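This report refers to the structure that appears directly beneath it.
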Amino acid sequence: HYNFCAGPAALPATVLERAREELLDYRGRGLSVMEMSHRAEEYLAIAEQAEADLRELLAIPANYRVLFTQGGATLQFAAVPYNLLGAGGTANFLYTGIWGKKAIGEARHLFGSAHIAASSEESGHSAVPRPSDIALSADAAYLHYTANETIGGLEFDYIPEAVRPDGSEVPLVCDMSSSILSGPLDVSRFGVIYAGAQKNIGPAGLVVVIVRDDLLERARPDMPSLFGYKALSDAGSMINTPATYSWYLAGLVFQWLKEDIGGLAAMDAINARKAEKLYAAIDGSGLYANPIVLRNRSRMNVPFVLADDRLDKPFLAEAEAAGLLNLQGHRSVGGMRASLYNAVPEEAVDALIAFMADFEQRRG
Ligand code: PLP
């Protein structure tokens, strides 16, 4: 079976096998990682190794802290403004789809205002704003964007500049939930990066936040203590009990990326091949279509529609019977979506393409 789920997503088979081997008895210690105290030396070694491997994979500079926290990416929609609006100012956003809209909504809900510095709404979110379209407010405290809109399948092809009209720079904040670790990244361009784990990092229940250390002093004082980047950082992400098992599994995924895949440049090449061939199959068919401009097509989430939506149900049923799972589009938009996260092997994409061609020949 191949799993194209958008999240929680497929995990590498070798990671799951390793977890199974270690499930009842972690390396002869006589207990499961799930049963370890998060303060125990052997658990701290697991947690620290995971951070070290993530730092190596993304070449995270020393002046960035890495936090392993909870509440999903959704909690970061609130935590980001709490942490960055302590000196006043307005949260600024690039609006490119449903997840960005939720982040904007949360900032407005909590702090009354949010400035949309650029939007792709007019294009039906089929192309991201061009750099020249971005206009921050004079009082911008930071600029937030969604690197890859998981539902729309719209991905930035560049890292935006976060500059106020007077030329001063503000921190760039990015929701990378569905694209982190899909390829190399220049972390130094960002103030804050956050990502829910359940796509390219590991199981649900964990969020990774990467924050530049000069931003730890900008928090509002009225913030719940668990939201605080400084408090989390000072406590090694252990203010309270962290998601210990998810953190451990994330560590196994980082090791898989390093050792089995050979790092993020190698991952990038595999992801490019996977996405290119699926989009080529869609574009070359008379039955399937994807509306996103070429340069902003997501490599991780490939939505497509069938020319006749009466074929949706048979398509999904036959795909499932062929072992191609979770191809249904998000409930808010319908159609199909194939998520091609890191753990989806190239053979899975080949199998999907062959199935799509066969289905079109028989039913198209
Ligand atoms: N942001 C993006 C880009 C996502 O894809 C998702 C979930 O799919 C979220 C935020 C919300 O994540 P969570 O369910 O971890 O709160």
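Structure values in brief
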{"read-out": "Of the criteria (1) in a loop (DSSP other than H, G, I, E, B); (2) more than 16 Å from the ligand (Cβ to nearest atom), which one residue 200 fails", "value": "(2)"}
{"read-out": "Within the range 1-16, considering residues that are within 16 Å of the ligand (Cβ to nearest atom) and not aliphatic (A, V, I, L, M), the one surrounded by the most Cβ atoms within 10 Å (Cβ to Cβ)", "value": "4"}
{"read-out": "Top-ranked residue in the range 17-39 [being among the aliphatic types (A, V, I, L, M) and surrounded by 15 or more Cβ atoms within 10 Å (Cβ to Cβ); ranked as farthest from residue 258 (Cα to Cα)]", "value": "36"}
{"read-out": "Residue within the range 325-346 that is under 25 Å from residue 257 (Cα atoms), of a type in the set (Asp, Glu) and in contact (Cβ under 8 Å) with a residue 24 or more places away in the chain present", "value": "yes"}
{"read-out": "Residues of the range 171-197 satisfying the condition of being among the aromatic types (Phe, Trp, Tyr) and either within 9 Å of the ligand (Cβ to nearest atom) or assigned to a strand (DSSP E or B) (or both)", "value": "194"}
{"read-out": "Number of the condition not met by residue 93 [criteria: (1) surrounded by fewer than 14 Cβ atoms within 10 Å (Cβ to Cβ); (2) assigned to a strand (DSSP E or B); (3) hydrophobic (A, V, I, L, M, F, W, C)]", "value": "(1)"}
{"read-out": "Every residue from the range 100-113 that is surrounded by fewer than 21 Cβ atoms within 10 Å (Cβ to Cβ) and either farther than 23 Å from residue 301 by Cα or among the hydrophobic types (A, V, I, L, M, F, W, C) (or both)", "value": "105, 106, 108, 109, 110, 111, 112, 113"}
{"read-out": "Residue selected from the range 41-61 under the condition surrounded by fewer than 16 Cβ atoms within 10 Å (Cβ to Cβ) and in contact with a Lys or Arg (Cβ under 9 Å, 6 or more places away or on another chain), by the criterion nearest to residue 26 (Cα to Cα)", "value": "42"}
{"read-out": "Within the range 139-169, tally of residues that are of a type in the set (A, V, I, L, M) and closer than 20 Å to residue 106 by Cα", "value": "5"}
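Residues checked against (1) touching a helix residue (DSSP H, G or I) at 6+ places or on another chain (Cβ under 8 Å); (2) outside any strand (DSSP E or B):
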site	(1), (2)
106	yes, yes
129	no, yes
137	no, yes
143	no, no
151	yes, yes
216	yes, yes
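Coordinate-derived values only; no laboratory data. Everything numeric in this text was worked out from a predicted model, so none of it was measured. For neighbour counting, all protein chains shown are included, and Cβ atoms are generated from backbone atoms with ideal geometry for every residue, glycine included.
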